[in-house]
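Notes follow the structure.
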């Protein structure tokens, strides 16, 4: 995977391309999507692109129409059959400042990374870093990913593989790198609704009879982490040192 795409031009990985005033770099002003590539084709493209467009709308970014063609060209250029494709849309800029009206242009970056094997079992605890369900950024793949990064690293430092994040109301919301799915004693499959501050998970669309509903962790007889790279992975959740959960 020697090449990446930047504004529809191929570059080698050791070449510099991003400008010093790109607002994705300086302010986290942008969004991204990560997709699984199998048999040299992106999986769940329609779901990912719908979420990408929604994120662009919220952030007042232009979403190009030719992303699929360029993704295929990058896959072909690198001659890969399985990989992780990352699409980044960031706002162009010429100088510093917060106002966005003067910067309608965007930069498009596409990269490919090796596809890891999905874990057999994820050990997780509950993070003390909470998901802010009042922020519009909580429901898009914003480049402002600091909370998730810190929660994930603290989990690793404590000997876990991931962390479950609750929102400001202490409702179960998401993992740092995926959605939550639980099975209840009645056999129902539940995942939190979007107003809890979680992402509209793309892999969730593939789970039959999934119900979007608030729940308590006491209802869970089984817990999974869901994302488009690893699919559904079973979670062993440590509740000993958890913050209070409703």
Over region 168-195, the set of residues closer than 20 Å to residue 228 by Cβ and not in a strand (DSSP E or B) is 176, 177, 192, 193, 194
All conditions in (1) part of a loop (DSSP other than H, G, I, E, B); (2) in contact with a helix residue (DSSP H, G or I) (Cβ under 8 Å, 6 or more places away or on another chain); (3) in contact (Cβ under 8 Å) with a residue 60 or more places away in the chain; (4) surrounded by fewer than 20 Cβ atoms within 10 Å (Cβ to Cβ) are true of residue 93 except (4)
So residue 48 fits all but one of (1) within 21 Å of residue 203 (Cα to Cα); (2) outside any helix (DSSP H, G or I); what number is the exception? (2)
Top-ranked residue in region 124-142 [being farther than 24 Å from residue 35 by Cα and in contact with a helix residue (DSSP H, G or I) (Cβ under 9 Å, 6 or more places away or on another chain); ranked as surrounded by the most Cβ atoms within 10 Å (Cβ to Cβ)]: 127
Suppose we keep only residues that are closer than 21 Å to residue 47 by Cα and either at pLDDT below 95 or in a loop (DSSP other than H, G, I, E, B) (or both) within region 216-232. Which one would you say is farthest from the chain's Cα centre (by Cα)? 230
Which residue, of 164, 112, is buried (at least 22 other Cβ atoms within 10 Å of the Cβ), closer than 30 Å to residue 41 by Cα and touching a strand residue (DSSP E or B) at 6+ places or on another chain (Cβ under 6 Å)? 112
Of all residues in region 10-27 being touching a strand residue (DSSP E or B) at 6+ places or on another chain (Cβ under 7 Å), in a loop (DSSP other than H, G, I, E, B) and modelled with pLDDT of 85 or more, which is surrounded by the fewest Cβ atoms within 10 Å (Cβ to Cβ)? 13
Among the listed residues 227, 179, 214, 167, identify the single one that is in contact (Cβ under 8 Å) with a residue 24 or more places away in the chain and more than 18 Å from residue 140 (Cβ to Cβ). 214
Of the listed residues (205, 213, 141, 209), the one being at positive phi and either modelled with pLDDT under 95 or not assigned by TED's automatic domain parsing to the domain that holds residue 54 (or both) is 209
Please determine whether any residue of region 232-246 is in contact with a helix residue (DSSP H, G or I) (Cβ under 6 Å, 6 or more places away or on another chain) and either farther than 20 Å from residue 86 by Cα or buried (at least 19 other Cβ atoms within 10 Å of the Cβ) (or both). yes
Scan region 67-88 and tell me whether some residue there is under 30 Å from residue 19 (Cβ atoms) and in a loop (DSSP other than H, G, I, E, B). yes
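The values are calculated or read from the model by the stated rules, or taken from the named source; none is laboratory data. Since the structure is predicted, the reported quantities are computational estimates derived from the model, not experimental observations. Virtual Cβ from ideal backbone geometry, glycine too; neighbours counted across all protein chains shown.
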